[in-house]
1. Run through all the Cα pairs of the range 30-91 and give the fraction in each 5 Å bin from 0, expressed as whole percent.
2. When a/c is below 1.5 the answer is rounded, else prolate if a/b is larger than b/c, else oblate, so apply that to the range 164-301 with a ≥ b ≥ c taken from the square roots of the Cα gyration tensor eigenvalues.
3. Once the Cα atoms of helix 132-141 and of the chain are each reduced to a long axis, what angle between those two axes, in degrees from 0 to 90 to the nearest 10, is obtained?
4. Taking square-rooted eigenvalues a ≥ b ≥ c of the alpha carbon gyration tensor, is the range 255-307 rounded, prolate or oblate, where a/c under 1.5 means rounded and, failing that, a/b exceeding b/c means prolate?
5. DSSP beta bridges in the chain, what fraction antiparallel, as a percent rounded to 5?
6. Using alpha carbon centroids, what distance separates the range 181-214 and the range 1-62, in Å?
7. Using alpha carbons only, how many angstrom separate the centre of the range 256-322 from the centre of the range 138-169?
8. For the range 110-195, compute the orientation-averaged projected area of the C-alpha convex hull (one quarter of its surface), in nm².
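Throughout, read-outs are computed from the coordinates displayed, never taken from laboratory work. Fair warning: this is a prediction, and the values are worked out from it, not measured in the lab.
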């Protein structure tokens, strides 16, 4: 039995597990956000409660993410209903985001289809041949300041109000989503005034920033695979173009096991509540690249993909000749 065949045994959906995960998530999010708003004038209470609401917001997005793959509930229709209803909290229009995310899955690790990737990446040769303005923009874009401090907030609050491929997937779905977001903000304003809105924005900032670490690190480690056809294959892109984050059990619970990302890319039909068990029981069938928290922070030093060496390198490496690269994440 190969790993692809093995994963099929874990792709069974269970509504009882799905409803349990959804109930715990919505209750945790609603309670932490309500308590944060109620204690908005007490700084030592509102800060941790806002952070907690942001972390539960990540769980909300992860459930929506499973719904995008129709892998959370048994019913395809129930997945779509839940995914749409959760969109005001996740700030992600369901239909367009589902389309874009499935493109990402279809072309993971494919250098010829980087338009489907969630984070812009250039090869060493492309960077060397780029104009000074393009190089400057790419350096700014790949900086930790952009990727962690401002980028996630801009993405969820601004860019996803009319996302990429929104015209293709249906303008009215985007309008419906944005109307739901405005309704959510309006409801908070009516119930709690500006303090309610600001607490929500604070939770969004926390969730977006912490959540942005996941897609970056799982696809931007030093040994990540990128290839071109005919050598490229989907299975290689899924298993070697994705890593496993070993940040502990609490992280797995908060992110609904998305850390086991190579298996998720290999078989997106595995529900989040089965994913960790599939990983733990895969044995010798699976050779994952595991990343701890310390190495994850070092991943922000890798900026460019070196096709000749088959690995990520720093900007310093791009300034050297192809045969004498010193691969240190110093920048």
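1. All Cα pairs considered, the percentages come to 4, 20, 22, 16, 13, 11, 8, 5, 1.
2. On the way: a/c = 2.22, a/b = 1.70, b/c = 1.31.
Note, shape of the range 164-301 comes out prolate.
3. 50
4. Here the range 255-307 falls in the prolate category.
5. Working: 4 of 9 bridges.
If I count the DSSP bridges inside the chain, around 45 percent turn out antiparallel.
6. 15
7. Centre-to-centre (Cα) distance: 22 Å.
8. Working: hull surface 32.7 nm².
Computed as one quarter of the Cα hull surface, the answer is 8.2 nm².
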